[in-house]
Amino acid sequence: MDFKFIEEMSLNHWPSLSTLLYDGWVLRFSEGLTKRANSVNPIYDSSPDVNEKIRVCENLYSAHQLPSVFKITPFVQPPQLDETLADRGYALMDTVSVQAVNLDHIREPDMTSVTIDETLSSDWMDHFCRFNNVGDKDRSVMERMLSLVKTKTGFISLCCEDRIVACGRGVIERDYIGIYEVVTDPSCRNRGFGEQMMLNLLKWGKENGATHSYLQVVAVNEPALRLYAKIGYSEIYKYWYRVKDCT
């Protein structure tokens, strides 16, 4: 199955502050906040003059004081781009597992003390930034990026003993709910709160028309992989980044 539509949804659900379309390649710029939002996404048909296109991209990112980063998926165009970048000295970084699940048999959550808001609030941002050690500059960039999402979004907060212990975000598009920004208070980890929060978010997704879910997880994040497998997610493809080696 061609899962390129999930790549398109992920571009929509974690939007960049600025996007440049260049002969089938999607160039994203967001002041350096995450590789996903500051990289070249070469997922559409393009001309064969690859080395010249790479040079143009390198110059564009350099002009914005950003490293040259390419996201390499199974849908990369042209297909030999990964090898070309390796030959040019680009290092492979951060392999990511893209996983999906059918929501038909997702179990009900045991904990239901949650708040799901469909607009971004300062409280949700406060919790996310505190749990994830996000500084003021990155918080400002992230708030601007999340304000650009155009499809139905749920910002979830899970409460236990009168305090918020976990939060996350779900975005619904094309019958899928994409899961993002899943984080638990460091002092409350390994107590099942992340699982309960996700089950509540998937329930909200089903109630709003989603039939499937997808997420992205760094391939070496064993605790997260175990959690998602427990819920029912399985891998559908991998992607990784090629980053210009400037050493």
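Every read-out reported here was derived from the displayed coordinates using simple, explicitly stated rules and does not represent laboratory data. As the structure is a computational prediction, the values presented were derived from the model and not from experiment. In this analysis, Cβ positions are derived from the backbone assuming ideal geometry, glycine residues included, and neighbour counts consider all displayed protein chains.
For K53, what charge total do you get from the other residues with a beta carbon under 13 Å from its beta carbon, if Lys and Arg give +1 and Asp and Glu give -1?
-3
Where Rh denotes the Kirkwood radius from the mean inverse Cα pair distance, what is Rg over Rh for the stretch 101-236?
0.93
In terms of Cα to Cα distance under 17 Å, which lysines are near enough to K4, apart from those fewer than 8 places away along the same chain?
Those lysines meeting the cut-off are K71, K238.
Just need the relative contact order of the stretch 173-247 here, percent rounded to a whole number, with Cα pairs under 8 Å and 6+ apart.
RCO, the stretch 173-247: 37 percent.
Once you mark the trypsin sites (Lys or Arg not before Pro) that are in a DSSP loop and have at most 12 other Cβ atoms within 10 Å, what is the longest gap between them in the chain?
The longest uninterrupted stretch comes out as 1-106.
How many angstrom separate the Cα center of the stretch 176-247 from the Cα center of the stretch 56-106?
One Cα centre to the other: 20 Å.
Among F131, P223, N190, whose Cα lies farthest out toward the positive end of the dipole of the stretch 101-236, if unit charges sit on the beta carbon of Lys, Arg (+1) and Asp, Glu (-1)?
Value computed over the given set: P223.
Over the chain, what is the mean sequence separation of C-alpha contacts under 8 Å (at least six apart), divided by residue count, expressed as relative contact order in percent?
26
Just rank D45, D185, fewest to most, by other beta-carbon atoms within 10 angstrom.
Exposure proxy ranking, most exposed first: D45, D185.
Quick one: Debye curve from the alpha-carbon atoms of the chain only, equal weights, vacuum; give me log10 I(q)/I(0) at q = 0.14, 0.16 Å⁻¹ to two decimals.
The Cα Debye sum returns log10 ratios of -0.96, -1.21.
Just subtract the alpha-carbon distance of K238 and R226 from 0.36 nm times their residue separation and send over the number in nm, one decimal.
Gain on stretching K238 to R226: 2.6 nm.
Determine, for H127, H105, H212, the number of other Cβ atoms within 10 Å of each Cβ, and report the residues in order from fewest to most.
Fewest-to-most Cβ neighbours within 10 Å comes out as H105, H212, H127.
List the chymotrypsin sites (Phe, Trp or Tyr not before Pro) within the stretch 41-134 that DSSP assigns to loop and that have no more than 15 neighbouring Cβ atoms inside 10 Å.
Sparse-neighbourhood loop chymotrypsin sites (Phe, Trp or Tyr not before Pro): Y44.
Given a Förster distance of 41 angstrom, what is the FRET efficiency for R139 paired with D49, based on the Cβ-Cβ distance and rounded to 0.05?
It comes to 0.55.
Going by how many other Cβ atoms sit within 10 Å of their own, how do L20, L201 line up, fewest first?
L20, L201
Taking the stretch 101-236, how many lysine pairs are there with alpha carbons less than 24 Å apart, if each pair must be eight or more places apart or span two chains?
Close lysine pairs found across the stretch 101-236: 7.
L17: net charge of surrounding residues, Cβ under 15 Å, Lys/Arg +1, Asp/Glu -1, itself excluded?
Net of charged neighbours comes to +4.
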